[in-house]
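Scroll down for the structure; my scribbles are underneath it.
The values are calculated or read from the model by the stated rules, or taken from the named source; none is laboratory data. What you see is a predicted model; the values in this text were computed from it and never measured. Backbone-built Cβ (ideal geometry, glycine too); neighbour counts: all protein chains shown. Only protein heavy atoms, including side chains, enter the accessible area calculation; ligands, DNA and RNA are left aside. Shrake-Rupley method; radii C 1.70, N 1.55, O 1.52, S 1.80 Å.
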Amino acid sequence: MKKLWIHTVRGYIKLGLFFYFKKIEVLNSDIISKNQPVLILGNHQNALLDALLIATTTKRFSYFLTRAGVFKNPLISKTLKSLNMIPVYRIRDGWNNLTNNNAVFKSCADLLNKNEAIAIFPEGNHNLQRKVRPLSKGFTRIVFDALDKNPELDLQLVPVGLNYEKPEFFGDSVSIVYGNLIEAKQFNSNNRNESIIKLKSTIFNDLTKLTTHIPSDNYDKTLKKLEKGNVDFLKPDSVNQCISTNFENCNSVNKNRFSTVKLFFKTLLILMLFVPYIIWKFAIQPKVKEKEFMATFRFAIAITLVPAFILIVMLVLGNVFSFTIAFLYLFMVLLLELSAVKL
C-alpha cells in the first residue's frame, strides 16, 4: 500500500514538474543500482525542488534527509514521513535537538545495510549562488556508521549536480547530472579523521565538476560575465571550462526567439487562472523572504490551487452550460500552459 502511495505521489509530482519546467535534462541516472545500497549526494540550490527532481529522475525509491523545521505540523510530519522523508536537525533547530541526529544517523546506517537508497544534500543548507559550498560532515558519519555495521557493505556513493538556468523564474530549465559511482569502502581506514577529510574532498571535487562552480574570489564579477556571455548553465562542464580559461573558451546559447509570444500566452494563462494567480501574487509571494524558496512555493501553488481551481471552473461550466464547454476550458488551459512554458 505504501509503494502504491509513493508511486502515485511521485507520478503526480513528475507531471507537475513537466508543466513547470521548460526542459528537464537527465544525464547518467542509469548508473544508480536498483538493488545495492546507495547514498545520493547533491548540491543544494533550489530548496524542495532539488529533492523532487532527484526523486523523480531515478528508478529508486529513496529516503530523503530533510530539515526538521518542516516537520513541526503533525499532519505535514505524517505526510512527509509517509514519503520516506527523515527529519535531520541543525543548530538553528536548537542545540538540545542536535542529539536527535544520533538516532537519525543510526536509522540511515540501518537502511543502507538493508540495501536502501538515501539522498542527502551535504552542503547542509541551500543557496542560489552558482558554486559548491563547503560540505558538512554529517553525510560522512552516515557512511562510516554503515561501514562500521558491515565493513564489507558495497555502499555506492553517487554525487549529483543540479543546474538551473533561471531558478527564480517560472518556466525555468534544469539539468540533473549524475556522476560516476564511488565505492565507500575505499575510504575506510584506522584513521577516521583522515578518512573523513578524504571523503569530503572527493565528493566536493566531484560536485564542482557536475555543477557550475564559481570561485568565491570575484564571484559577482565572474557571474556577470557569464550571464552577459549568455553561457548555457545547463552544461556545467562547458561553463567551468569557460571560467578556468579566463573566458577564452566559452560557448553561448541563442536567446529565445519566442519571448514575445511566450509573454502573450503567459498573459492569457494568467487570465484563465486569475484566482490562483492573485493568491500567489498578493498573499503568498510577498511572504516568501528567502528567494531560494520562491520556486518551491510557486510550484506548490501550481500543483495544489491551480488544479483545484480548474476543477471548480469545469464543474461550474459543466452545470451551467455543458461539459463539452468544461473540457474545452481544460484543453485551452493546458494548451496555454504548454505554450507559455515550452516555447
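If we scan the stretch 203-221, do we find a residue that is buried (at least 19 other Cβ atoms within 10 Å of the Cβ), of a type in the set (Asp, Glu) and over 26 Å from Lys262 (Cβ atoms)? Yes, the stretch 203-221 contains a residue that is buried (at least 19 other Cβ atoms within 10 Å of the Cβ), of a type in the set (Asp, Glu) and over 26 Å from Lys262 (Cβ atoms).
Restrict the check to the stretch 169-181 and report whether at least one residue is within 14 Å of the chain's Cα centre (by Cα), surrounded by 15 or more Cβ atoms within 10 Å (Cβ to Cβ) and not in a strand (DSSP E or B). Yes; the residues of the stretch 169-181 include at least one that is within 14 Å of the chain's Cα centre (by Cα), surrounded by 15 or more Cβ atoms within 10 Å (Cβ to Cβ) and not in a strand (DSSP E or B). Just so you know, in the stretch 275-286 the residues that are over 25 Å from Phe331 (Cβ atoms) and without any contact (Cβ under 8 Å) to a residue 12 or more places away in the chain include one that is least open to solvent (accessible area, probe 1.4 Å), and it is Ala283.
Scan the stretch 120-134 for residues that are farther than 14 Å from Leu65 by Cα and not hydrophobic (A, V, I, L, M, F, W, C) and the total you get is 6. For the stretch 24-44, taking the residues that are of a type in the set (Val, Ile, Thr) and modelled with pLDDT of 95 or more, the one that is farthest from Gly179 (Cα to Cα) is identified as Ile24.
Residues in the stretch 137-168 that are open to solvent by 50 Å² or more (accessible area, probe 1.4 Å) and in contact (Cβ under 8 Å) with a residue 12 or more places away in the chain: 10 in all.
Among helices (runs of 4 or more DSSP H) entirely within the stretch 246-315, having at least 2 residues that are closer than 21 Å to Ser339 by Cα and of a type in the set (D, E, K, R) singles out 259-272.
Quick check on the stretch 287-307: of everything there that is among the small types (Gly, Ala, Ser) and out of contact with any strand residue (DSSP E or B) (no Cβ under 9 Å at 6 or more places or on another chain), which residue is surrounded by the fewest Cβ atoms within 10 Å (Cβ to Cβ)?
Going through the qualifying residues, I end up with Ala300.
Please pick out the residue among Lys106, Lys114 that is in a helix (DSSP H, G or I) and open to solvent by 10 Å² or more (accessible area, probe 1.4 Å). Going through Lys106, Lys114 in turn, just one is in a helix (DSSP H, G or I) and open to solvent by 10 Å² or more (accessible area, probe 1.4 Å): Lys106. Out of all the residues in the stretch 308-330, is one or more among the aromatic types (Phe, Trp, Tyr), within 24 Å of Leu52 (Cβ to Cβ), surrounded by 15 or more Cβ atoms within 10 Å (Cβ to Cβ) and free of Cβ contacts under 8 Å to residues at least 24 places away in the same chain? There is no residue in the stretch 308-330 that is among the aromatic types (Phe, Trp, Tyr), within 24 Å of Leu52 (Cβ to Cβ), surrounded by 15 or more Cβ atoms within 10 Å (Cβ to Cβ) and free of Cβ contacts under 8 Å to residues at least 24 places away in the same chain.
Given the condition assigned to a loop (DSSP other than H, G, I, E, B) and of a type in the set (S, T, N, Q), answer yes or no: does some residue in the stretch 46-53 qualify? Yes: the stretch 46-53 contains one or more residues that are assigned to a loop (DSSP other than H, G, I, E, B) and of a type in the set (S, T, N, Q). Any residue in the stretch 13-36 that is of a type in the set (Gly, Ala, Ser) and without any contact (Cβ under 8 Å) to a residue 24 or more places away in the chain? Looking for residues that are of a type in the set (Gly, Ala, Ser) and without any contact (Cβ under 8 Å) to a residue 24 or more places away in the chain, one finds none in the stretch 13-36, hence no.
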